[in-house]
């Protein structure tokens, strides 16, 4: 069976590189949860979340997660040592997400390679219906050379653990 978010036993992107660490359900780091309410400005004329606005909320979840790990994105940008731009994003919309609904996003690390990482997202409605799945791939970039650079060890450790690594990025 091909890899998919419906079949977590085979990690997404498994054929991309043999140097990547892939996580399957049961061995991946604990999920991070983030929730939001779908506001009027999030919806289209049909009262459903506009597809692009889901990515804004996914990114908000990512930023919040990175801050809990001790690597707030705004501080990373200000420090200027690395950048973590998005290089790929995709989503599958599985159930309606309507104005006023509270959505819970579960974020987890799917893949970690030397210079990039892939996150997966599950969006659940109030009744725990799977409303959407998504993934984002980020690449660690040297801001001076504008080329991929290895993910710093303390960041890689934090990504895998899914929790704040003691002493990481103090003063950020």
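All conditions in (1) at pLDDT 95 or above; (2) farther than 19 Å from residue 114 by Cα hold for residue 170, with the sole exception of (1).
Applying the set (1) in contact with a strand residue (DSSP E or B) (Cβ under 7 Å, 6 or more places away or on another chain); (2) crowded, with 17+ Cβ neighbours inside 10 Å; (3) closer than 19 Å to residue 149 by Cα to residue 113 leaves exactly one unmet item: (1).
Filtered by the rule that a residue be in contact with a helix residue (DSSP H, G or I) (Cβ under 7 Å, 6 or more places away or on another chain), in contact (Cβ under 8 Å) with a residue 60 or more places away in the chain and under 16 Å from residue 63 (Cβ atoms), the range 102-160 gives 105, 107, 109, 121, 134, 136. Tell me, please, whether a residue that is crowded, with 17+ Cβ neighbours inside 10 Å and at positive phi can be found in the range 66-73. The answer is yes; a qualifying residue exists.
Conditions (1) assigned to a strand (DSSP E or B); (2) within 28 Å of residue 49 (Cβ to Cβ), marked per residue:
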| residue | (1), (2) |
| --- | --- |
| 75 | no, no |
| 89 | yes, yes |
| 92 | yes, yes |
| 95 | no, yes |
| 119 | yes, yes |
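Name, by its number, the condition in (1) at negative phi; (2) exposed (fewer than 14 other Cβ atoms within 10 Å of the Cβ) that does not hold for residue 146. It fails just one condition, (1).
So that you can scan it fast, the table gives a plain yes or no per residue for (1) surrounded by fewer than 14 Cβ atoms within 10 Å (Cβ to Cβ); (2) touching a helix residue (DSSP H, G or I) at 6+ places or on another chain (Cβ under 8 Å); (3) modelled with pLDDT of 95 or more:
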site: 3; (1), (2), (3): no, no, no
site: 18; (1), (2), (3): yes, no, no
site: 37; (1), (2), (3): yes, no, yes
site: 48; (1), (2), (3): no, no, yes
site: 54; (1), (2), (3): no, no, yes
site: 60; (1), (2), (3): yes, no, yes
site: 90; (1), (2), (3): yes, no, yes
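Every condition in (1) closer than 18 Å to residue 135 by Cβ; (2) touching a residue at least 24 places away in the same chain (Cβ under 8 Å); (3) surrounded by 12 or more Cβ atoms within 10 Å (Cβ to Cβ) is met by residue 85 except one, and the failing one is (3).
The values are calculated or read from the model by the stated rules, or taken from the named source; none is laboratory data. These figures come from a predicted structure and were not determined experimentally. Here the Cβ is made from the backbone with ideal geometry for all residues, glycine too, and neighbour counts use every protein chain on show.
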